[in-house]
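To start, the structure itself, in structure tokens.
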Amino acid sequence: MIVTVTANPSVDRTVTLPGPLVRGSVTRALASRAEPGGKGVNVSRAVQMAGMPTTALLPARSGDPLLTGLDAVGLRYRTVDVTADVRSNLTVTEPDGTTTKLNLPGNPMSPADLSALTALIVESAATATWVALCGSLPPGVPDSWYADLASLLAPLSCRVAVDTSGAPLTAIRAAMPDVAVDVIKPNVEELCEMTGADLDLLERSADAGDFGPTLDTARSLQQLAGCAVLATLGAAGALLVTAEGGWLATPPPIVPVSTVGAGDATLAGYLLATLDEATPAERLRRAVAYGSAAAALAGTQPPTPSDLALAAVHVSEVATHAV
Ligand SMILES: O=P(O)(O)OC[C@@]1(O)O[C@H](CO)[C@@H](O)[C@@H]1O
């Protein structure tokens, strides 16, 4: 069972434009769609599409449009009942695949609701193989909450994955290596935030086809954190650095439609592959195949196994040195 936690879920509204977004003008959009979203929800949806058991944990009031959306797709979830509607996040997509996102802060969470969510997570983790802690935290949730949760989960047999950003990521980083996390999924910017590496340098090297500095930065984080580092590289793919080695994977060419949820699909692919006890290289292959399949789908749609081009993902083992 893969349990996901989304403390700040969203209804994702995607607006499709006929051309480039022009700020300050009226644009006639082509279409719009609304889907249940939030990072953990997206991970659960991809896991569900792969036919594996999953439960999404989130705060939402009974009857919230987000839950109606999850009921429509038959996703198993457990909630802490709150009063306010789940936030709506807006995505604007342009024909070349450029994706612009406007995310709201989410509704403040009361201490009582946060305690109830924490208890629900610990209870659900008892039967979980993985607990994935995903996304931003709404106002009222301390930045250290993920780090505190990881400590609460440490005595249990589940493994813990973390995919967050900003202050909660900084707090997780500050708690390392004492915090029991099995895999962390930063993008390159977050990798730099966690290690103090020079983002410009990593981006310039990557643009020139040299992922060495990024791999070495991921190795530094792996050594500091003591956990696997699955770093997403956007259209360039992803890398995985574990205590055993380092791997780089590049995706097949795709026509990007919406990159929303691609990182979540990447994490889902990685977690699913661990259930099959796949090698690190095969875990990374599955992760990248999931991420690139998600980017080729409109809105926040989760890919299904039939969307994956596994054989077209190129995985190579690479040397890494901590910097
Ligand atoms: O505001 P957060 O929690 O960082 O991210 C929320 C979000 O952008 O993440 C998902 C895509 O990864 C979307 O479904 C959702 O709108």
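The values are calculated or read from the model by the stated rules, or taken from the named source; none is laboratory data. Being a predicted model, the structure only gives us computed values, none of them experimental. Note that we place each Cβ from the backbone using ideal geometry, even for glycine, and neighbour counts take in every protein chain shown. SASA here: full protein model, heavy atoms, side chains in, ligands and nucleic acids out. Shrake-Rupley method; radii C 1.70, N 1.55, O 1.52, S 1.80 Å.
Data for the structure
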{"read-out": "Cα Rg, Dmax (largest Cα-Cα span) when computed across the chain, Å", "value": "18.7, 55"}
{"read-out": "Whole-number percent relative contact order across the chain, with pairs defined as alpha carbons under 8 Å at least 6 apart", "value": "17 percent"}
{"read-out": "Size of electric dipole in the stretch 193-292: Cβ of Lys, Arg +1 and of Asp, Glu -1, about Cα centre, debye, nearest 20", "value": "220 debye"}
{"read-out": "All-pairs alpha carbon distance profile, the stretch 126-215, 5 Å steps from 0, percent", "value": "3, 14, 22, 20, 16, 12, 8, 4, 1, 0"}
{"read-out": "Phi-based couplings in Hz for the stretch 214-230 (Karplus 6.51, -1.76, 1.60; Gly and Pro marked x)", "value": "5, 4, 5, 5, 5, 4, 4, 5, 4, 5, 5, 8, x, 10, 5, 10, 10"}
{"read-out": "Binned Cα-Cα distance frequencies in the stretch 1-73 - 10 Å width, integer %", "value": "18, 40, 23, 16, 2"}
{"read-out": "Dipole magnitude of the stretch 7-49 about its Cα centre (Cβ charges: Lys, Arg +1; Asp, Glu -1), debye to nearest 20", "value": "100 debye"}
{"read-out": "The stretch 270-312, relative contact order in percent, only Cα pairs under 8 angstrom and at least six apart counted", "value": "32 percent"}
{"read-out": "Rg [Å, one decimal], Dmax [Å, integer] - the stretch 141-276, C-alpha atoms", "value": "14.8, 45"}
{"read-out": "Expected 222 nm ellipticity per residue - DSSP helices of 4 or more, -39500 (n - 2.57), all of the chain, to 500", "value": "-11000 deg cm²/dmol"}
{"read-out": "Solvent-accessible area per residue, Å², over the chain with all protein chains present [probe radius 1.4 Å]", "value": "41 Å²"}
{"read-out": "Surface accessible to a 1.4 Å probe, residue 157 within the full protein complex, Å²", "value": "100 Å²"}
{"read-out": "Heavy-atom accessible surface of the stretch 194-323: percent carbon and sulfur, 1.4 Å", "value": "54 percent"}
{"read-out": "Rounded to the nearest 20 debye, dipole of the stretch 1-83 from Cβ charges on Lys, Arg, Asp, Glu", "value": "220 debye"}
{"read-out": "From phi via Karplus (6.51, -1.76, 1.60), per-residue ³J(HN,Hα) for the stretch 105-120 in Hz, x at Gly/Pro", "value": "x, x, 7, x, 9, 6, x, 5, 5, 5, 4, 5, 5, 4, 5, 5"}
{"read-out": "Within the chain, longest stretch free of exposed GluC sites (Glu not before Pro) [DSSP loop, at most 14 other beta carbons within 10 Å]", "value": "1-243"}
{"read-out": "Gyration tensor verdict on the stretch 68-113 (Cα atoms; rounded if a/c is under 1.5, prolate if a/b is larger than b/c, oblate otherwise)", "value": "oblate"}
{"read-out": "Solution diffusion estimate, µm²/s, Stokes-Einstein, the stretch 238-323, Kirkwood Rh from C-alpha pairs, 20 °C, viscosity 1.002 mPa s", "value": "166 µm²/s"}
{"read-out": "Interchain or long-range residues, amide H under 5 Å from residue 187's placed H", "value": "232"}
{"read-out": "Spatial separation of Cα centroids for the stretch 1-66 and the stretch 98-154, in angstrom", "value": "17 Å"}
{"read-out": "Label point 7 Å beyond Cα of residue 26 along Cβ direction - residues of the stretch 76-93 with amide nitrogen under 16 Å", "value": "none"}
{"read-out": "Cα lying deepest toward the dipole's positive end in the stretch 1-113, options 68, 51, 99, charges on Cβ", "value": "99"}
{"read-out": "With every protein chain in place, the stretch 50-134: carbon and sulfur % of accessible area (1.4 Å)", "value": "58 percent"}
{"read-out": "Nonlocal amide H pairs with residue 132, under 5 Å, H built at 1.01 Å", "value": "3, 4, 5, 161"}
{"read-out": "Percent RCO, i.e. relative contact order, over the stretch 13-152, from Cα pairs under 8 Å lying at least 6 residues apart", "value": "24 percent"}
{"read-out": "q = 0.11, 0.16, 0.17, 0.21 Å⁻¹: log10 I(q)/I(0) that the Debye formula gives for the stretch 59-173, counting C-alpha atoms only", "value": "-0.43, -0.90, -1.01, -1.36"}
